[in-house]
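Only one structure is covered here, and it is reproduced in the block below.
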Amino acid sequence: MSQSHTIFDYAQQFIPGGVSSANRLVDPNISFTRAEGAYIYDEDGKQYIDYHAAFGPPVLGHCHPDVNRRVYEELSRQDLIGVGSSQREAQLAEKIVGHIPCAEKVMFCNSGSEATYAALRLARAVTGRRKIVKFQGCYHGWHDAVLMNVISAPDKIGHKDPISAGMTPEVIDDTLVLPFNDVEAVNATFEEAGDTLAAVILEPIPHNIGCVLPRPEFLQALRDLTTRHGVVLIFDEVITGFRHALGGYQSIVGITPDLTTLGKAIANGYPLAALCGREDLMQHCRPGGDVFFAGTFNAHPVGIAASLATVEILEQPTSHEHLFTLGERMRNGLRDIYARHDIAATVAGFGSVFVSYFMDGPADNFTDLLRNDVDMFVSHRRKLIEEGIYELPVNLKRNHISLAHTEADVDRTLEIVDKVLSN
Ligand SMILES: Cc1ncc(COP(=O)(O)O)c(C=O)c1O
């Protein structure tokens, strides 16, 4: 029996399902114990090129020495004091204001779910309205207002598809779910209910279903309609923020939301998230304001130190260049391989993110992705794992390249993909 099995058995005795986050139980269930740069290592010492990247945080690669050094330095000064303002927290806020187009003020919390929760509460407070719009295929965290309609069964599309028991029905009712990239559906909803909406929240690139690129006219329609109807537009850049650009996807596409949520890559693997946006909105969250924003661990010095180090590295122009160049190399290489093997595949992605859907295009919304061959998607990844390439063996999940990945890693990955498909 491998060490991973032994650990799983042990964990299951004390932890329901053996893991503490719903998406971590996958087949094969491997226990990883070490991570460095582009690689992760299992309990048995086997090395894998890591593209799962913990769902996205280590954009510089695992255990980046500069990030860890800043974390150690911070730990030698303090763990958590938790009162008053802190110099480094303010420095990081200044960096975010400098980079993210919509950010005039910033507040820090620990997870993306907290950030989207706060964004929606703030939107409801400033508009005095209850209803929000989200899109099929987008994930924004585990709270009731948004935990629905991500990877839905075909018969659930067009209906509410809550992901957990125990969610409050009134909260579910207040969320309208629309198809992504569908300007007509958005127009119709605004015509009917625009003046009852508090917020529209979206992943500007829905990466929770791999990579669906937004049509520019779709994002523009959202911007125009929300402005016209006094609705708060929230870009959830928990995945795209810092990974695609320090200014988030909004800085690339040139459409500025009212609020933005950040998480994952902003601290390269340490827990930190943020809510940022227009000053007139964010001021409601100040102490004594009408919107309560608090947390014992908010702006934890470890996350702040890690994030400052991460920003400084990503500010070097070569950083995103490297991520984008390797992403392109991977996508082009995969397209060649699938063509040579005569496999119907759509290789999607943006920057450092890539995913192979086993279907012909288009891939414009979640409904299109129902054509993906799920068995092939998952079984192909299981074969790659056996060969030391770690892509999460779960339908529609994206892959991430980091600054630590090299051309040689990409080429080795492509060789193995070719080999696996040849067998
Ligand atoms: C776009 C997006 N928003 C929010 C979240 C929630 O973040 P967290 O898991 O840190 O609560 C996630 C997590 O995957 C996400 O992908």
Taking segment 167-193 and keeping residues closer than 15 Å to Gln136 by Cα, in contact (Cβ under 8 Å) with a residue 24 or more places away in the chain and of a type outside the set (D, E, K, R) leaves Ile172, Thr175, Leu176, Val177, Leu178, Pro179, Phe180, Asn181, Val183, Val186, Thr189
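Taking segment 168-212, which residues are aliphatic (A, V, I, L, M) and within 16 Å of the ligand (Cβ to nearest atom)? Step through it out loud before you land on a result.
Quick first cut of segment 168-212, residues aliphatic (A, V, I, L, M) only: 171-172, 176-178, 183, 185-186, 188, 193, 197-202, 205, 209, 212.
Within segment 168-212, Val177, Ala199, Val200, Ile201, Leu202, Ile205, Ile209, Val212 qualify.
Hey, among Gly349, Gly361, which residue is at pLDDT below 95 and either within 14 Å of Cys211 (Cα to Cα) or not in a helix (DSSP H, G or I) (or both)? Full working, then the answer.
Numbers: Gly349 fails: at pLDDT below 95.
Just a single option satisfies the conditions, and that option is Gly361.
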Report, ordered by the first and then the second residue, all pairs with beta carbons closer than 9 Å, sequence separation of six or more or different chains, a first member in segment 359-372 that is closer than 17 Å to Glu203 by Cβ, and a second member that is among the aromatic types (Phe, Trp, Tyr). Ala363/Tyr357; Asp364/Phe180; Asn365/Phe135; Asn365/Phe180; Phe366/Phe135; Phe366/Phe180; Asp368/Tyr357; Leu369/Tyr357
Taking interchain pairs and intrachain pairs at least six residues apart, which have beta carbon atoms under 6 angstrom, with the first residue in segment 249-273 and in contact (Cβ under 8 Å) with a residue 60 or more places away in the chain and the second away from the ligand (no atom under 11 Å from the Cβ) and open to solvent by 50 Å² or more (accessible area, probe 1.4 Å)? Gln250/Pro101; Gln250/Thr256; Ser251/Pro101; Thr256/Pro101; Asp258/Arg278
Scan segment 225-275 residue by residue and report those that are more than 15 Å from Ile205 (Cβ to Cβ), in a strand (DSSP E or B) and either within 14 Å of the ligand (Cβ to nearest atom) or open to solvent by 20 Å² or more (accessible area, probe 1.4 Å) (or both). Leu259, Ala273, Ala274, Leu275
What are the residues in segment 168-198 that are surrounded by 15 or more Cβ atoms within 10 Å (Cβ to Cβ) and over 21 Å from Pro257 (Cβ atoms), if any? Val171, Ile172
With the first residue restricted to segment 108-129 and required to be closer than 24 Å to Gly84 by Cα and assigned to a helix (DSSP H, G or I), and the second required to be more than 9 Å from the ligand (Cβ to nearest atom) and open to solvent by 30 Å² or more (accessible area, probe 1.4 Å), Cβ contacts under 7 Å at 6 or more apart or on different chains are Glu114/Gly295; Ala118/Phe293; Leu122/His284
Applying the selection to segment 122-146, what residues are open to solvent by 20 Å² or more (accessible area, probe 1.4 Å) and under 17 Å from Ile239 (Cβ atoms)? Tyr139, Trp142
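Results for (1) without any contact (Cβ under 8 Å) to a residue 24 or more places away in the chain; (2) over 17 Å from Glu89 (Cα atoms); (3) open to solvent by less than 10 Å² (accessible area, probe 1.4 Å); (4) of a type outside the set (S, T, N, Q), shown as yes or no for each residue.
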| residue | (1), (2), (3), (4) |
| --- | --- |
| His284 | no, yes, no, yes |
| Gly288 | yes, yes, no, yes |
| Thr296 | no, no, no, no |
| Ala299 | no, no, no, yes |
| Val302 | no, no, no, yes |
| Thr318 | yes, yes, no, no |
| Phe324 | no, yes, no, yes |
| Arg329 | no, yes, no, yes |
Exactly one condition in (1) part of a loop (DSSP other than H, G, I, E, B); (2) surrounded by fewer than 23 Cβ atoms within 10 Å (Cβ to Cβ); (3) in contact (Cβ under 8 Å) with a residue 24 or more places away in the chain is not met by Lys160; state its number. (3)
When you scan segment 1-85 for strands (runs of 3 or more DSSP E) that lie fully inside it, which ones turn up with 2 or more residues that are open to solvent by 50 Å² or more (accessible area, probe 1.4 Å)? 32-36
Spot the failing condition for Gln47; the list is (1) closer than 21 Å to Leu414 by Cα; (2) free of Cβ contacts under 8 Å to residues at least 40 places away in the same chain; (3) more than 24 Å from the chain's Cα centre (by Cα), and only one is missed. (2)
Go over the candidates Glu217, Glu203 one by one and state the one that is under 14 Å from Asp236 (Cβ atoms), of a type in the set (Asp, Glu) and touching a residue at least 24 places away in the same chain (Cβ under 8 Å). Glu203
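Regarding Ala339, is this residue within 23 Å of Cys63 (Cα to Cα), open to solvent by 10 Å² or more (accessible area, probe 1.4 Å) and of a type in the set (A, V, I, L, M)?
Working: within 23 Å of Cys63 (Cα to Cα): no; open to solvent by 10 Å² or more (accessible area, probe 1.4 Å): yes; of a type in the set (A, V, I, L, M): yes.
Against the criterion (within 23 Å of Cys63 (Cα to Cα), open to solvent by 10 Å² or more (accessible area, probe 1.4 Å) and of a type in the set (A, V, I, L, M)), Ala339 does not qualify.
The values are calculated or read from the model by the stated rules, or taken from the named source; none is laboratory data. No experiment lies behind these values; they were computed from the predicted model shown. In this analysis, Cβ positions are derived from the backbone assuming ideal geometry, glycine residues included, and neighbour counts consider all displayed protein chains. These accessible areas exclude ligands, DNA and RNA; they are computed on the full protein's heavy atoms, side chains included. Shrake-Rupley method; radii C 1.70, N 1.55, O 1.52, S 1.80 Å.
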